[in-house]
Amino acid sequence: MAASQLAPATAATSNRVARCFALRTGMAAQDAFVPAPAQIDNGDEARYSDKCGTYTKGIKQAGIGRVDLEAYRTFKRALESGDPADFAAIMVGAPGAGTLNGPQGGLAFDLACLDSSQFTSPPAPALASEEYAAELVEMYWASLLRDVPFTDYPSNAIAAQAANELSSLASYKGPRDPVSQKVTPRYLFRGGLAGGTFFGETTGPYLSQFLVKSACMGALPIEQKYITFKPGIDYMLDPATFLETQNGAPTGLQLETHTPRYLHNGRGLAAFTHNDVLYQAYFSALLVLNTINGRNCAVGDSAAPLNPGNPYVGSKTQNGFGTFGGPDVASTLASVASEALKTVWYQKWFVHLRHRPEAGGAIIYLNKTGQGNAVEGRLSPTILDSKAVESGFASHKSYFLSQAFPEGSPKHPAYPTGHGTVAGACITVLKFFYDGGFIIPNPQVPSSDGTKLESYTGSGAHELTVNGELHKLAHNISFGHGIHAGIHWRSDTDTSIQLGEAVALSVLRDRAQTYNEKFTVKLTKVDGSTAVVSNE
């Protein structure tokens, strides 16, 4: 056997450790010169001494809408010091109460992009504002439409009432019909704003094609039917249960599951997000993109076209794999999801501390039952006198905002939302790798009972682009977890998607310098502008 021989150094392989060190330090220095913006909250924590407008769930409570102020001080001491010992000393609620959801995750450092403190989100709507009231009106209507199929909205009487009331609210930020400037039933609970933001959101059916189309994970066929929850069962509708959940105590109630179905209503979307893996929807979207031109799990050669800036487009000698190929796409999705989560947790816990919609519902309950003076905060008559609250009471015999889950919201602040930030980051990665203008062939829509898929031939059937359906997917998932489940505000999602996009662009721009291939990739941001990622 021949003796081993030292491989010769070449131009491609020499001095790699030194070159890697220079790249790492250079990118770190470059990122360090990006100024950290001012972090500004909505003022409610300082405005109300009883903290009725601030997130306090899981901390010891003094009553409905009121936190124990000594317990709150232990909570703030931990947030201000960052000392793990102080986090361990937080006075939580009842004995056996559940734990707060990972606040120290917001203090983890980012080594793949800008630091969390270098991103920001605008102040959330304040408790007494008209925008807060409009968002809570929307939440109450969504709770009443939780079991109505999205395809039935145009003919549903409750959807018509919801659209009519939201149309009358100047502060409502959801999309409106471009001609009438009214919220029609088909525009309910969709994303998309004026000026091209979230292009494609209002085109075609409510659900993104990435949530309904079949796909393959390697040689494994995947049919997108999901276990959901039985209809007509809502939670947190009485004072005792509400106070239990705010103290973090388990209610003893269990979700009742339904047979697997295609996602077709708000409860189904809520169920998806209750137990999803962090970036599941976007990994599934990747699988759909890889089989979108014809499902053949054994062959796997029917993918959507790549972003035109991909350096291997048109190559006659190579294809992407570890870089610019399937493994790169999948691993980058996971990477940006992790960085996005650190960034949004920083915003949630160390900047905004926005309370959950269920807390707003508690203030409505107090006002409607003659106990409004129990808290300092005052809500606008827009919500207190709304048709939404009146209809919610008629349906549930309760003024609380009904919840899709027994525990209500998870025990971390509302704003921004983790689902939305991860969504914004992951759809940006998919835009980086795939052609966002590609028209999705053969669109489908679930039947009204969710048992089968039907061809979609309605308005916009030939206008469903990859970018538009990615925008829709981000809102479907984040609104499913938020508006449809009752646990997040509309503004949580819109802000979060843009925050996640910013994180992903920072990751991609730093990562671009690590590739050997020379490239310039352009992608369309959610606001309609063009982002460039390049190492040339």
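Where a number appears in this text, it was derived from the coordinates with a stated rule and is not lab data. Small disclaimer: the values here were computed from a predicted structure and weren't measured. Methodologically, a virtual Cβ is constructed for each residue, glycine included, from the backbone with ideal geometry; neighbour enumeration extends over all protein chains shown.
With +1 on each Lys and Arg Cβ and -1 on each Asp and Glu Cβ, how big is the dipole of the range 136-181 about its Cα centre, in debye rounded to the nearest 20?
The calculated dipole for the range 136-181 is roughly 120 debye.
Once you have all Cα-Cα distances for the range 94-137, histogram them in 10 Å bins from zero and send the whole-percent values.
Distribution as computed: 19, 24, 31, 26, 0 percent.
Treating the beta-carbon of each Lys and Arg as +1 and of each Asp and Glu as -1, no other charges, what is the dipole magnitude of the range 44-534 about its Cα centre, to the nearest 20 debye?
320
Name every cysteine in the chain that ends up alone, with no second cysteine's Cβ under 4.7 Å, or say none.
Lacking a cysteine Cβ partner under 4.7 Å: C20, C52, C113, C426.
Hey, how many Å between the Cα centroid of the range 87-164 and the Cα centroid of the range 320-394?
Result: 1 Å between the Cα centres.
Which of the residue pairs K411/K472; K76/K525; K225/K431 have a Cα-Cα distance greater than 30 Å in the structure shown?
Among K411/K472; K76/K525; K225/K431, the Cα-Cα distance tops 30 Å for K76/K525.
What FRET efficiency, computed as 1/(1 + (r/R0)^6) with R0 = 45 Å and r the Cβ-Cβ distance, is obtained for N275 and S4, rounded to the nearest 0.05?
The calculated FRET efficiency here is 0.30.
Write down, largest first, the equivalent ellipsoid semi-axes of the range 380-423 in whole Å, where each equals the square root of 5 times an eigenvalue of the alpha-carbon gyration tensor.
Working from the Cα gyration tensor, I get semi-axes of 26, 15, 9 Å.
Got a sec? Charge dipole of the chain, +1 on Cβ for Lys and Arg, -1 for Asp and Glu; which of Y235, L289, A112 is way out at the positive end?
L289
Helix 130-144 versus the longest principal axis of the chain: what angle, 0 to 90°, nearest 10, using Cα atoms?
90
Quick one: net charge around E135, please, counting Lys, Arg +1 and Asp, Glu -1 for every other residue with C-beta under 15 Å from its C-beta.
So the surrounding residues net to -3.
In square nanometres, what is one fourth of the surface area of the convex hull spanned by the alpha carbons of the range 330-450?
About 12.1 nm², averaged over all directions.
Which lysines, on any chain, are close to K368 with Cα under 18 Å apart, when same-chain ones fewer than 8 places away are left out?
Answer for K368, where 18 Å is the Cα cut-off: K387, K397, listed by chain and number.
Report, in deg cm²/dmol and to the nearest 500, the calculated mean residue ellipticity at 222 nm for the chain, where each DSSP H run with n ≥ 4 adds -39500 (n - 2.57) and the sum is divided by the residue count.
Mean residue ellipticity, 222 nm, calculated: -11000 deg cm²/dmol.
So which aspartates and glutamates pass the test for K173, namely a Cα distance under 16 Å, with those fewer than 8 places away in the same chain ruled out?
Cross-link targets: E130, E131, E135, E138, E165, E201, D492, D494, D527.
Using a Förster radius of 30 Å, what is the FRET efficiency between R24 and A303 based on their Cβ-Cβ separation? Nearest 0.05, please.
Given R0 = 30 Å and the Cβ-Cβ separation, E is 0.35.
Looking only at the range 411-450, which residues have a backbone nitrogen under 18 Å from a spot 7 Å from the Cα of H462 in the C-beta direction?
Counting backbone N atoms under 18 Å from the label point, the list is 437-444.
Fewest to most neighbouring Cβ within 10 Å: what's the order for C216, C426, C297?
Lowest count first: C297, C216, C426.
What's the exposure ranking of C20, C113, going from fewest to most Cβ atoms within 10 Å?
Least crowded to most crowded, the residues run C20, C113.
Among E463, E407, which comes first, then next, by fewest other beta-carbon atoms within 10 Å?
Ascending number of Cβ neighbours within 10 Å: E463, E407.
What translational D, rounded to a whole number of µm²/s, comes out for the range 44-534 from Stokes-Einstein when the hydrodynamic radius is the Kirkwood one over Cα pairs, at 10 °C and 1.306 mPa s?
69
Can you pull the one-decimal nm distance between simple spin-label points at A219 and D385, each 7 Å off the Cα toward Cβ?
Using points 7 Å along Cα→Cβ, the separation is 6.8 nm.
Using Cα atoms only, what is the angle between the long axis of helix 466-479 and the major principal axis of the chain, expressed in degrees (0 to 90) to the nearest 10?
40
Hey, got a sec? Which trypsin sites (Lys or Arg not before Pro) in the range 323-388 land in a DSSP loop and have at most 13 other Cβ atoms within 10 Å?
Qualifying residues, ordered by number: none.
Taking N as the number of residues in the range 108-194, what value does Rg over Cα atoms divided by 2.2 N^0.38 Å take?
1.40
What is the helix-to-structure angle for 490-512, meaning the angle in degrees between its Cα long axis and the longest Cα principal axis of the chain, kept from 0 to 90 and rounded to the nearest 10?
Once rounded, the angle reads 20 degrees.
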